[in-house]
1. Consider the stretch 129-142. How many of its residues are in a loop (DSSP other than H, G, I, E, B) and open to solvent by 50 Å² or more (accessible area, probe 1.4 Å)?
2. What are the pairs with Cβ atoms under 7 angstrom where one residue, in the stretch 1-20, is in contact (Cβ under 8 Å) with a residue 24 or more places away in the chain and the other, located anywhere, is surrounded by 10 or more Cβ atoms within 10 Å (Cβ to Cβ)? Sequence gap at least six, or different chains.
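The values are calculated or read from the model by the stated rules, or taken from the named source; none is laboratory data. Predicted model, so just to flag it, every value in this text is computed and none were measured. Note that each Cβ is placed from the backbone with ideal geometry, even for glycine, and that neighbours are counted across all protein chains shown. Surface areas here come from the heavy atoms of the whole protein model, side chains and all, with no ligands, DNA or RNA. Shrake-Rupley method; radii C 1.70, N 1.55, O 1.52, S 1.80 Å.
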Amino acid sequence: MARIYNFNAGPAAMPREVLQKAQSELLDHAGLGMSVMEMSHRSKEFQAIIDGAEAGLRRLMGIPEDYVVLFLQGGASLQFAAIPMNLRRPGKSADYVDTGSWANKALKEAKITGSVNTAWSGKSDNYSRIPKPSELKLMPDAEYVHICTNETIGESAGLNSRKRAPLW
């Protein structure tokens, strides 16, 4: 069977070995008589899966023990809310670079919980480019700068396939 590799946003190609292990354990994970999808998220067996995943992430990414690893569902939309709620202190502002659909969704979500400065917007150019550093109007006291360089929806999706200079 020929393998097809998906390079679209979202799901991606996985190693055949990973898929084969998932297939073999779909009905009976590790001899437990049930699938991972059927076991309790509070069971010691499921906790062993989470602990192994966390250990692998820490090893792969060099995450120190004084950092907490969270496994969350929700994707980008969850992060649009979680970032301002966790990185922006009350009464403080954050800078957002509006590069297209995803950036605009993040900007709107951040406005729900506090002050936001739109440091640059590509709307007038139909989101056909990213800003030059000199175009950014950053606030000196901003808690963080949010920029999405991987716009995959609408006109700005073309940014990902064009040759361009490094962002900074």
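1. Residues meeting the conditions: 7.
2. Ala9/Thr152
Yes/no matrix, rows are residues, columns are (1) without any contact (Cβ under 8 Å) to a residue 40 or more places away in the chain; (2) under 18 Å from Asn150 (Cβ atoms):
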{"position": "Gln79", "(1), (2)": "yes, yes"}
{"position": "Met85", "(1), (2)": "yes, no"}
{"position": "Ser93", "(1), (2)": "no, no"}
{"position": "Tyr96", "(1), (2)": "no, yes"}
{"position": "Ser101", "(1), (2)": "no, yes"}
{"position": "Ala106", "(1), (2)": "no, yes"}
{"position": "Thr113", "(1), (2)": "yes, no"}
{"position": "Trp120", "(1), (2)": "yes, yes"}
{"position": "Lys132", "(1), (2)": "yes, no"}
